[in-house]
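Heads up, the thing below is written out as structure tokens.
The values are calculated or read from the model by the stated rules, or taken from the named source; none is laboratory data. Since this is a predicted model, take the numbers as computed values, not measurements. Note that we place each Cβ from the backbone using ideal geometry, even for glycine, and neighbour counts take in every protein chain shown. The protein model used for the area step is the full one, side chains on, heavy atoms only, and it has no ligands, DNA or RNA in it. Shrake-Rupley method; radii C 1.70, N 1.55, O 1.52, S 1.80 Å.
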Amino acid sequence: MAASTLVAPLLAPAGPTTASPTQRPLGPRQWPLGAVLPVALLALWEVLARLGVLPPNLLPAPSRVLTTIAELARTGELWPHLGFTLGRVALGFGLGAGLGTGLGALTGYLPLMRRLLDPLLQGLRNIPSLAWVPLFILWLGIYETSKVVLIAVGVFFPVYLGVMTGIQQVDRKLVEVGRVYGLAGLALVRRVFLPATLPAYFVGLRNGLGLGWMFVVAAEIMGANKGLGFLLIDGQMTGRPQTILASILLFAVLGRCTDSLLALLGRRLLHWQDTHGTSFS
Amino acid sequence: MLQLEHIGKQFANGVVALHDISLHLQAGEIVTLVGASGCGKSTLLRLVAGLEPPSTGRVALAGEPLTAPHPAVGVIFQEPRLMPWLTVRANVAFGLAQLPAAEQMARTDAVLARVGLSNFADALPRQLSGGMAQRVAIARALVTRPALLLLDEPFSALDPFTKASMHEHLLDIWADTRPTLLLVTHDVEEALVLSDRVVVLHGHPGRLSQTLTLDLPRPRRRTSPEFQAWKQRVLDALAVEVGA
């Protein structure tokens, strides 16, 4: 759908979620094939690093990265970084997804609101969100507010588009069934529009979350003294690539975990879908 | 029980779909609207369902003007139109939300048994065949016990065997509670198997052409000479219209 193709190129960390949110995990017979290449590459990397072929000041061994994380955890240094990053993403996601849901529902359901609001929002969407950074810092300072707002901006647009297009694409025929049974207004929304919009909503939420993780990195690189993004810059400044790689790995794991949580929730709510991903259940 | 008085319908794009249609249905009667595709028969049904307002004329149910969907009017569409997120049972109970849960359950179970789908009560629509899904749609319409049931080519997507058994089903159900049925079809045999009256529409814009009152006893055998003679009469009536 339109929303996901538009943001998909930006979604390198979390992976594009253009597929159905109910896509099932690979079966036990299938996973080893997908694991072959990563494991082989990691092993090769480890061996080459230990043999000294790869310069340790540029590309330390995977084991070195893991011990760096373990060390950060042992000294307790890791937890505030994790906590700040997770907190910023949670706040930004909550704010962006909340606003996106509300405005998307408004423009999706009411043609008048769509004509009034959508051109403006589509126009704003065309601004690369990172271009807002200097302005947000100027307006909101370099502390938490500007970071959370930046993340919220990133999350907002995919969620807004998901909700709006989801509502517009609700099958007229099902809406008519609702009307035949006397449903109108909120009852029609609750019993027909809401469930029918959920699949598109979850695609929007997952795309939004992916952008949220991307924007937290940007926000923390701009200036922070806590957070995984700070670790990136710290590793660069102090010439410790293992810290940079540790931070990248943690971003990947956190992004994946939060996305899986959303996907799991989606699968729970959307088990009824008649799609390729669920057809073999 | 249903009165259509001088109904006309012109869409916003200027297309005139129906012109001056008047039709009265007696309680418990089965009336079929036949006509070539595009003659406005489905539009007429949508007006009676209260899904669209007529441009001129009035629709009245038991003397009361009908301007919005009415609880005593059930609709079975061409497609099952089941809510894909609800189980078969919840789909059937869709129109019963105001009733107490126990009553909903009892009615739903009874109707599901009636259409032979008790074993599928907890299935999701995606797990049903086309014929089963349409039976669920019929059950959903019946469970509210409508006095008037509108059917818009409800069996047109089914294979001939399923279709014939659905006709039996429908007539059985009709014999139980005698609702008034208004059916749209382009299948002449279907019209003859089911109806007391066949109303022929001709198109662009749709007008009433002929009303044929069938004096065939039930159950009707498609192979009987009387049935075949009626079939010829309806086909002739349709042909006049095609030729005109």
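For this structure, a couple of remarks:
- Among the residues of the range A:177-193, those that are crowded, with 16+ Cβ neighbours inside 10 Å and within 10 Å of chain B (Cβ to nearest Cβ) comprise A:Val177, A:Gly178, A:Arg179, A:Val180, A:Tyr181, A:Gly182, A:Leu183, A:Arg191, A:Val192.
- Test: residue in the range B:149-161 that is surrounded by fewer than 19 Cβ atoms within 10 Å (Cβ to Cβ) and not in a loop (DSSP other than H, G, I, E, B): yes
- Selection count where residues are in contact with a strand residue (DSSP E or B) (Cβ under 8 Å, 6 or more places away or on another chain) and hydrophobic (A, V, I, L, M, F, W, C), scope the range B:124-154: 9
- Per the listing B:Thr177, B:Thr162, the residue uniquely among the hydroxyl-bearing types (Ser, Thr, Tyr), at pLDDT below 95, in the same structural domain as B:Glu29 (by TED's automatic domain parsing) and under 27 Å from B:His70 (Cα atoms) is B:Thr177.
- Of the residues making up the range A:191-249, not one is without any contact (Cβ under 8 Å) to a residue 60 or more places away in the chain, under 27 Å from A:Pro128 (Cα atoms) and among the basic types (Lys, Arg).
- One residue from B:Gly74, B:Gly130, B:Gly63 being small (Gly, Ala, Ser), at negative phi and surrounded by fewer than 22 Cβ atoms within 10 Å (Cβ to Cβ): B:Gly130
- Among the residues of the range A:239-281, those identified as out of contact with any Asp or Glu (no Cβ under 9 Å at 6 or more places or on another chain), among the hydroxyl-bearing types (Ser, Thr, Tyr) and at pLDDT 90 or above are A:Thr258, A:Ser260.
- Matching residues in the range A:250-268 - criterion: being in contact (Cβ under 8 Å) with a residue 40 or more places away in the chain and open to solvent by less than 70 Å² (accessible area, probe 1.4 Å): A:Leu250, A:Phe251, A:Ala252, A:Leu254, A:Gly255, A:Thr258, A:Asp259, A:Leu262, A:Ala263, A:Gly266, A:Arg267
- In the range B:194-237, the residues that are of a type in the set (A, V, I, L, M, F, W, C) and touching a Gly at 6+ places or on another chain (Cβ under 7 Å): B:Val200, B:Leu201
- Check on A:Leu174, within 27 Å of B:Ile76 (Cβ to Cβ), within 14 Å of chain B (Cβ to nearest Cβ) and either open to solvent by 20 Å² or more (accessible area, probe 1.4 Å) or modelled with pLDDT under 95 (or both): no
- Filter pass, B:Ala239 being in contact (Cβ under 8 Å) with a residue 12 or more places away in the chain, of a type outside the set (Asp, Glu) and not in a strand (DSSP E or B): no
- Residue list for the range B:31-72, filter: under 11 Å from B:Leu148 (Cβ atoms) and in contact with a Phe, Trp or Tyr (Cβ under 9 Å, 6 or more places away or on another chain): B:Pro71
- Candidate set from the range B:22-59 (those that are among the polar types (S, T, N, Q) and part of a helix (DSSP H, G or I)); member that is surrounded by the fewest Cβ atoms within 10 Å (Cβ to Cβ): B:Ser42
- Residue list for the range A:113-152, filter: within 22 Å of the chain's Cα centre (by Cα) and open to solvent by less than 30 Å² (accessible area, probe 1.4 Å): A:Leu121, A:Ser129, A:Val133, A:Phe136, A:Ser146, A:Lys147, A:Val148, A:Leu150, A:Ile151, A:Ala152
- Under the condition of being more than 13 Å from chain A (Cβ to nearest Cβ) and either outside any loop (DSSP other than H, G, I, E, B) or in contact with a Ser or Thr (Cβ under 8 Å, 6 or more places away or on another chain) (or both), the residues counted in the range B:60-83 number 4.
Residues are listed down the side, and each one gets a yes or a no for (1) at pLDDT below 80; (2) touching a Ser or Thr at 6+ places or on another chain (Cβ under 9 Å); (3) on the phi < 0 side of the Ramachandran plot:
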| site | (1), (2), (3) |
| --- | --- |
| A:Ala8 | yes, yes, yes |
| A:Pro13 | yes, no, yes |
| A:Arg24 | yes, yes, yes |
| A:Val39 | no, no, yes |
| A:Glu46 | no, yes, yes |
| A:Arg50 | no, yes, yes |
| A:Pro55 | no, no, yes |
| A:Pro62 | no, no, yes |
| A:Thr67 | no, no, yes |
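- When A:Val180 is tested against (1) touching a strand residue (DSSP E or B) at 6+ places or on another chain (Cβ under 7 Å); (2) at positive phi, exactly one condition is not met: (2).
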